[in-house]
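The values are calculated or read from the model by the stated rules, or taken from the named source; none is laboratory data. The structure presented is a predicted model; accordingly, all values stated were derived computationally and were not measured. Here the Cβ positions follow ideal geometry from the backbone for every residue, glycine too, while neighbour counts run over all protein chains shown.
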Amino acid sequence: MRFFEYSYTASQATFLDYLKTIGVVLDTVILDINELPGDVYAVSKDAAKAGMQILSERFNAEMQTRNPVINEVFDIQVDPNEELLGKKMDFDDFIGEGYDFQSSKINLFRYDPDTLVIYHIAKKGFAKALLNPPYNLKFKRPDEFASPIYIDGENRFYAEIIKRYLAEILHVEQLSDADFLEIISWSDNWTNYFDDGKEWWGTFCWTIHDMRNNTITLIAASSTD
């Protein structure tokens, strides 16, 4: 099985660039498959490795752009002695407890207006990985911190980001679209990409096979403070 990085549309590329500017640490690689997978699990495992190689190339190119005189950079490496272990999951489990797709309701945080403390509720899932990076997302917050208006504006912003990602990248605009996705969550011991996230914030790795267009999307995240 051969994998080729997907030719992103202008809208997709612009959106993925925008996510980086607001502090999202999630990495996305969409792969075209040259034939229909007979064993989705096995092909998805190989796609995860291929996607990680693309992330390594992206990272090195970015480092060279920032500082062309750098001779040694951190290489994302796949450990050939570690086996990827995957678990198939449904769409709701993939999204996690932080987002209700049908109501567009965010449940990532609990705000205490009396103490002005934010409690992080969601500990896993795509919503947490996308919307809750180590230093929070960067956008204008004009209202008083932890006020009802603040909370409402924050939640609208988060809901718009996740809805747009699902629509732009995974082509999920209604719940029935998710029926065409074959989602696998993968272990995090097979590449040093995940080392930072193990320190504190967390690690995330999914492959999503879309039966409609025969693509596999690698979604991964690993970060620390």
Report task. Say whether the condition of being over 17 Å from the mean Cα position of the chain (by Cα), more than 18 Å from THR207 (Cα to Cα) and among the aliphatic types (A, V, I, L, M) is met by at least one residue in the range 105-114. Result -> no
Note on ALA42: of the conditions (1) over 28 Å from GLU154 (Cα atoms); (2) surrounded by 15 or more Cβ atoms within 10 Å (Cβ to Cβ); (3) at pLDDT 95 or above, unmet is (2)
Scanning the range 121-148 residue by residue, those exposed (fewer than 13 other Cβ atoms within 10 Å of the Cβ), farther than 14 Å from ILE161 by Cα and at pLDDT 75 or above turn out to be LYS123, TYR135
Result of the Cβ filter at 8 Å on the range 1-18, keeping first residues that are touching a residue at least 12 places away in the same chain (Cβ under 8 Å) and partners that are of a type in the set (S, T, N, Q) and not in a helix (DSSP H, G or I), at least 6 apart or interchain, is MET1/ASN34; ARG2/ASN34; PHE3/ASN34; PHE4/ASN34; TYR6/THR215; LEU16/THR28
